[in-house]
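Reading through the structure tokens given below for one structure.
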Ligand code: 13P
């Protein structure tokens, strides 16, 4: 099995300002970590983030990209443009985009493939709602989300990027999946990857997201198939985000 380097990704969501970002970057620059780090900010702050992370072992990321190539798509941002401003990562298929902006399993897969086509590393998100979990449908829902991705992206490609398992009921709720609950789904995702490509599946990083905090990060990251985290609320506080990076 290939050794997987831990990856910690910040998802600032629709938060930040030039002043707040500058303060965050000053504090973050003084920290130390030894895992891979991505910081995913709103589009308009990507140049500021690129400059602020220069020289650090941390790369800027976006939170979405257009499914299309550049052209007449008012209000959209193409993967080519993200590359142009120095972006390396892009979150794709976050549950907020699936739930609030109608992104389907196939659209998410198209966007992941677009990211690969332009040389961005997608962090492809999957996860079930509380109702789906309570109905016993977790593995089926996540399996279908993954199936769509695997129709358009190879496991070898995914090994250059990342997946993120984010149970919707754990996002921003303070209610974290237990390490065992998360590990069960991560192992199922890896088994599905292995059915598609047994030799590459061990190299794909599967992040956990959903109320990760400095206090619960270590336990989650100790699970055999949890290869890091996608951090929402706690990533807005540089000291907390650094503590989570150090836990990895
Ligand atoms: P929280 O860490 O705020 O629960 O958000 C998780 C998330 O959605 C990261 O993408």
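Please treat every number below as a calculation from the coordinates, not as lab data. Everything quoted here is computed from the prediction, not taken from an experiment. In this analysis, Cβ positions are derived from the backbone assuming ideal geometry, glycine residues included, and neighbour counts consider all displayed protein chains.
With contacts taken as Cα pairs under 8 Å at a separation of at least 6 residues, segment 137-248 carries a relative contact order of 28 percent. Each principal axis of the Cα cloud of segment 68-219 was evaluated for its coordinate range; sorted largest first, these ranges are 44, 35, 30 Å.
Is the C-alpha gyration tensor of segment 192-248 telling us rounded, prolate or oblate? Criteria: a/c under 1.5 is rounded; beyond that, a/b larger than b/c is prolate, otherwise oblate. Prolate, because a/c is 1.5 or more and a/b exceeds b/c. Computed from label points 7 Å out along Cα-Cβ, the spacing between residue 180 and residue 29 is 4.6 nm. Each stretch of four or more DSSP H residues adds -39500 (n - 2.57); spread over every residue of the chain, this sum gives -12500 deg cm²/dmol at 222 nm. For the chain, DSSP calls about 0 percent of its internal beta bridges antiparallel.
Using Cβ contacts closer than 10 Å as the measure, can you line up 146, 14, 81 from fewest to most?
Values: 146 22, 14 8, 81 17.
Lowest to highest Cβ neighbour count: 14, 81, 146.
Centre-to-centre separation between the Cα atoms of segment 38-87 and those of segment 111-162: 20 Å.
Label separation (residue 237 vs residue 84): 3.9 nm, computed from points 7 Å beyond Cα along the C-beta direction.
The ranking of 83, 226 by Cβ neighbour count inside 10 Å, starting from the fewest, reads 83, 226.
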